[in-house]
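Visitor: Here you go, one structure.
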Amino acid sequence: NVWKKSGYHEIITDVNDPVMRGALLILYPPIPPEGWVEPGLDQVVEKLNSLKALGFELTNNAIGDALILFERNLKDIGDTLIDAFANVLRMTKEDILSICLRELLDPERTFEREDSLEFVVNAIDTPEEKILSTFKEYGIENPIDVYLDNNGSLPQDYAFLKNSPIVYKYMLVKFGARSRITRFLMNEITTARIGEAKLRKFNPSLVLSSVTIAGLWNELEDIFNIYCMADVPLELQFLPLIKTCSSDTVIKYLFEGYLTRLFGFEVEFQLPATVQIPILD
């Protein structure tokens with residue numbers, strides 16, 4: 001290998017996942033040329049195995065990339081990809097789907113459509129249990145426990161959502177407002193919204209100094225409003241944390257809007273007209 005002869009011994013490691021993505025794009029081009037025929041399972045396996053023979057690896061990250069790369073076509077080619085990955089890695093289909101779920105719920109991964117999540121969730125058994133388990137694997141825990149263990153304070157990173165907004169929207173629509181998953185996520189969302197309000201009060205220049213933070217907080221407020229509008233239950237144990245909230249908007253909605261609707265009272269408070277509960281395509 002000319003690169004290794006030049007002293008670049010990490011060439012395969014450095015380009016591993018891009019090479020895997022490139023190979024899959026050759027098999028499934030975004031704009032198929034005239035006469036293109038969709039490859040079967042054997043062709044996909046052969047292509048991936050040929051790369052393995054050269055020292056490349058089908059990593060978990062590459063599998064996650066593939067799901068998002070082909071998310072618009074998973075209804076047609078998803079099963080072939082999963083079977084091919086299982087064949088190449090000598091794993092069961094269930095094991096591959098578990099990898100897919102972990103990759104899609106990785107807080108470091110961002111995506112904007114629900115197609116890949118829908119494909120994987122529909123393909124696995126007991127999805128709620130596995131999703132909750134995956135969230136916990138990534139350290140997404142009940143924030144009130146952290147709050148109480150830290151003498152009434154939370155780390156600054158609790159003022160931001162852990163996952164992409166599409167994850168929260170998808171879970172609400174897929175499993176419903178009363179599901180264990182959405183209740184679990186409501187804990188995180190409410191804590192983040194309160195944390196945001198505190199940071200805005202005590203460090204008002206923070207949001208002005210960072211376009212990224214401003215964007216993340218806009219997403220957070222949107223998700224918080226959507227979950228409240230859907231009446232996702234909030235655990236009573238969160239009341240001590242809510243008492244520390246410095247945002248009149250959050251308090252007003254929680255007590256005049258959200259909580260009163262749960263108990264059947266008539267209220268006048270309304271969310272912004274732009275807030276809508278999402279619908280899966």
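Visitor: Could you tell me which numbered condition Ser247 fails, if it satisfies all but one of (1) at pLDDT below 80; (2) of a type in the set (S, T, N, Q); (3) surrounded by fewer than 15 Cβ atoms within 10 Å (Cβ to Cβ)?
Guide: The one condition Ser247 does not meet is (3).
Visitor: Provide a single number: the residues in segment 49-97 that are loosely packed, with under 14 Cβ neighbours inside 10 Å, closer than 24 Å to Val15 by Cα and in contact (Cβ under 8 Å) with a residue 40 or more places away in the chain.
Guide: Summing the residues that are loosely packed, with under 14 Cβ neighbours inside 10 Å, closer than 24 Å to Val15 by Cα and in contact (Cβ under 8 Å) with a residue 40 or more places away in the chain in segment 49-97 gives 2.
Visitor: Has segment 137-158 got any residue that is at pLDDT 95 or above, assigned to a loop (DSSP other than H, G, I, E, B) and buried (at least 19 other Cβ atoms within 10 Å of the Cβ)?
Guide: no
Visitor: Among the listed residues Leu199, Leu234, Leu206, Leu239, which satisfies the condition of being at pLDDT below 90 and in a loop (DSSP other than H, G, I, E, B)?
Guide: None of the others qualify; the one that does is Leu234.
The values are calculated or read from the model by the stated rules, or taken from the named source; none is laboratory data. As the structure is a prediction and not an experimental result, all values here were calculated from the model. Glycine gets a Cβ as well: all are built from the backbone with ideal geometry, and neighbour counts include every protein chain shown.
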